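Note sheet for the following structure.
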């Protein structure tokens, strides 16, 4: 089959075909990331557990004991942990995928492969950490002798899929923007820090005044975390409309992010 | 017979960005949302540079064609476009079959990974399925001569070991078209000889090769035909001996 190279943009079906043909590369990138991450560390994989646990302890002390944020009958560590699970996935994935093109500049300049695998693999690899932190969550439940709703466990994969779509879109968008403007690299840590407090993670959403809840509706993270928490701990589950909107917003982000990435990827090798 | 590589009126324009003109992200974002693409900034026409200017030639199946020319003549840009790394500004290339490029030995390697891990990873980057790598694994290792260091991270390799392994992985890829840029300028003399032998074997297998090198001895040894580029233009295409002669006259 003839392959034609010209200045024209690659079409979406062609890109999907390429991604499918090189799906093994995807697997290798994820594997490489995992293999590399804990090389030359002393405690190795323990870091995966240590980070959410340490964050939970600090937040419990700060917001549970000192600020005394009301969480009803739920112990504060249990209240904050599911949100942190999602949050850690989000921040790691966004940071890693936004750097993925620049960090692999030697590959971009020398070899052709579908560029989209880089941010996507950098996002997907964090599912491993998510799984580990979920196991820690079940241990926490045992420790506090707290039995959550079964609904929580059923809802979790769905929430994760929506988060994955949102994160992949945002990550691809930031990855391509970062190639052109390295400002992105300075904005991201700062923006994430602010977003942590704009998202109901350390506090419940109902603590936010009516005036501002409108803004939470368009933050997919807020809806994902709040609905997952309600699924685990709430007496009723009334979150479908909010969650549906989050799914919709996530899909829009995904479409836009991937679209911008595919439109700009042909310039990567020349500019990165 | 249909040519395997057909290059038609290929041009590539680069912009020479000057460091002085700093652009604010805000301005660029505005422009980005207005135009919808990362368009080339206006009013900088004088800073353009044509790396390739209206190049046309074709390569038949099983041919080995050399590309020669002084530094900055556009040889590497040509290979980059053929490899699909960067798009041409105008013109087009039609390729029949699967293409692999060896633009830089070990580009896909990661320093922290071991030799074994890098063989698999590099193969995956270059589009070689895992079972294919497994099948060729012994041969790749044997050719590179690094058996004893297979499970050592490549950051501890000597530069010679590194490039030997890199060349070996790419040379064992199964593809119809192979692009090689200066790959023979690596390793000691014994390894260079081995590379030349391997290249001859690849040529015998009927694969099509486009070979960029400053090593004129290797070029005249391997290629029937040559392309001479100067300043982004095609100066001469034809028999290797003639082409090298034309190149020498330029120097």
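Starting from the Cα gyration tensor of the range B:86-164, multiply each eigenvalue by 5, take the square root, and state the resulting semi-axes largest first in whole Å.
28, 15, 11
PRE reach from residue B:242 (point 7 Å along Cα→Cβ): which of the range B:66-95 fall under 20 Å by backbone N?
Residues passing the 20 Å test: B:66-70.
Counting helices only, and only those DSSP H runs with n ≥ 4, report the 222 nm mean residue ellipticity of chain B as the sum of -39,500 (n - 2.57) divided by its residues, in deg cm²/dmol to the nearest 500. It would help to have the intermediate numbers written out before the result.
Numbers: 8 runs with 93 residues, N = 251.
Using -39500 (n - 2.57) per qualifying helix, the result is -11500 deg cm²/dmol.
Could you grab the relative contact order for chain B? Cα pairs under 8 Å, six or more apart, rounded to a whole percent. List each step's numbers first, then the result.
On the way: 420 pairs, mean separation 69.0, N = 251.
Reported as a whole number, the value is 27 percent.
Taking the number of other C-beta atoms within 10 Å as the exposure measure, put A:153, A:26 in order starting with the fewest. Walk me through the numbers before you get to the answer.
On the way: A:153 13, A:26 19.
With the fewest neighbours first, A:153, A:26 line up as A:153, A:26.
Can you give the Rg to Rh ratio for the range B:118-251, taking only C-alpha atoms and Rh from Kirkwood? Walk me through the numbers before you get to the answer.
Working: Rg = 16.7 Å, Rh = 16.3 Å.
Computed over Cα atoms, the ratio is 1.02.
At q = 0.13, 0.16 Å⁻¹, what is the log10 ratio I(q)/I(0) for chain A, with the Debye formula run over Cα points and no solvent?
-0.91, -1.27
May I ask for the angle, rounded to the nearest 10°, between helix A:23-37 and the longest principal axis of chain A, with both axes built from Cα atoms and the value confined to 0 to 90°?
Computed tilt is about 60 degrees.
Please report Rg over Rh for chain B, where both radii come from the alpha carbon positions and Rh follows the Kirkwood definition. Don't jump to the answer; show the numbers that get you there.
On the way: Rg = 20.2 Å, Rh = 19.9 Å.
Radius of gyration relative to Kirkwood radius: 1.02.
If I model a spin label as a point 7 Å beyond the Cα along the Cα-Cβ vector, how far apart are those points for residue A:210 and residue B:130 in nm?
Taking the two extended label points, one gets 5.7 nm.
From largest to smallest, what semi-axes in whole angstrom does the range A:176-233 give when each is the square root of 5 times an eigenvalue of its alpha carbon gyration tensor? Intermediate values should be presented prior to the final figure.
On the way: eigenvalues 155, 31, 21 Å².
Semi-axes from the Cα gyration tensor: 28, 12, 10 Å.
Between residue A:58 and residue A:128, what is the label-point separation in nm under the 7 Å Cα-to-beta-carbon projection?
Going by the 7 Å Cα→Cβ label model, 2.4 nm.
Which residues does the label zone of residue A:51 cover in the range A:218-243, counting backbone N under 20 Å from a point 7 Å along Cα→Cβ?
Once the point is set 7 Å along Cα→Cβ of residue A:51, A:221-222, A:225 turn out to lie under 20 Å by backbone N, inside the range A:218-243.
Work out the mean other chain Cβ neighbour count within 10 Å for the residues of A:260-269 and drop it here as an integer.
Values: counts 4, 0, 0, 3, 3, 1, 5, 5, 2, 6.
Mean inter-chain Cβ contacts per residue within 10 Å come to 3.
Would you mind telling me which residue in B:135, B:207, B:233 has the biggest mean-square fluctuation in a Gaussian network model of chain B, where springs connect alpha carbons within a distance under 10 angstrom?
B:135
For the range A:85-129, report the convex hull volume of the alpha-carbon atoms normalised per residue, in Å³, without decimals. Please list the in-between numbers first.
Working: hull volume 2.6 nm³, N = 45.
Measuring per residue, one finds 59 Å³ for the Cα hull of the range A:85-129.
Can you give the Rg/Rh ratio of the range A:65-160, where Rg is from the C-alpha atoms and Rh is the Kirkwood radius? Can you show the working numbers first?
On the way: Rg = 18.1 Å, Rh = 15.8 Å.
That ratio equals 1.14.
In peptide B:83-94, what is the residue-averaged number of other protein chain Cβ atoms found within 10 Å of each Cβ?
Values: counts 5, 8, 11, 10, 11, 3, 2, 2, 3, 5, 4, 5.
For this peptide, the per-residue mean of nearby foreign Cβ atoms is 6.
Rounded to the nearest 0.05, what FRET efficiency do residue B:15 and residue A:150 give with R0 = 51 Å and r taken as the Cβ-Cβ distance? Could you check? Don't skip to the end; give the middle numbers.
Numbers: r = 59 Å, r/R0 = 1.17.
It comes out at approximately 0.30.
Which value, in Å to one decimal place, does the Kirkwood hydrodynamic radius take for the range A:95-223 when every pair of different Cα atoms is included? Please list the in-between numbers first.
Values: mean 1/r = 0.0582 Å⁻¹.
Taking every pair of different Cα atoms in the range A:95-223, averaging 1/r and inverting gives 17.2 Å.
Compute the long axis of helix A:76-103 from its Cα atoms, compare it with the longest principal axis of the Cα atoms of chain A, and write down the angle in degrees, 0 to 90, nearest 10.
10
For a quick protection proxy, order the peptides B:165-174, A:67-76, B:209-218 by their average other-Cβ count within 10 Å, most packed first.
Packing proxy ranking, top to bottom: B:165-174, B:209-218, A:67-76.
Helix-only mean residue ellipticity at 222 nm, chain A, DSSP H runs n ≥ 4 weighted -39,500 (n - 2.57), per residue, nearest 500. What is it?
Working: 13 runs with 197 residues, N = 272.
Helix contribution divided over all residues of chain A: -24000 deg cm²/dmol.
Pairwise over distinct Cα atoms, reciprocal of the mean inverse distance: report the Kirkwood radius of the protein assembly as shown in Å, one decimal place. Don't skip to the answer; put the middle values down first.
Values: mean 1/r = 0.0386 Å⁻¹.
So the Kirkwood estimate lands at 25.9 Å.
How far is it, in nm, from the label point at residue B:98 to the one at residue A:27 when both lie 7 Å from their Cα along the line to the Cβ?
Between residue B:98 and residue A:27, the simple spin-label model gives 1.6 nm.
To the nearest 10 degrees, how steeply does helix A:46-59 sit against the main Cα axis of chain A, on a 0 to 90 scale?
So the helix axis and the longest Cα principal axis differ by about 50 degrees.
Since every read-out is calculated from the coordinates, none of them should be taken as a lab result. Keep in mind that what you see is a predicted model, and the values were worked out from it rather than measured. Quick reminder, even Gly has a Cβ in these numbers, built from the backbone with ideal geometry, and neighbours come from all protein chains shown.
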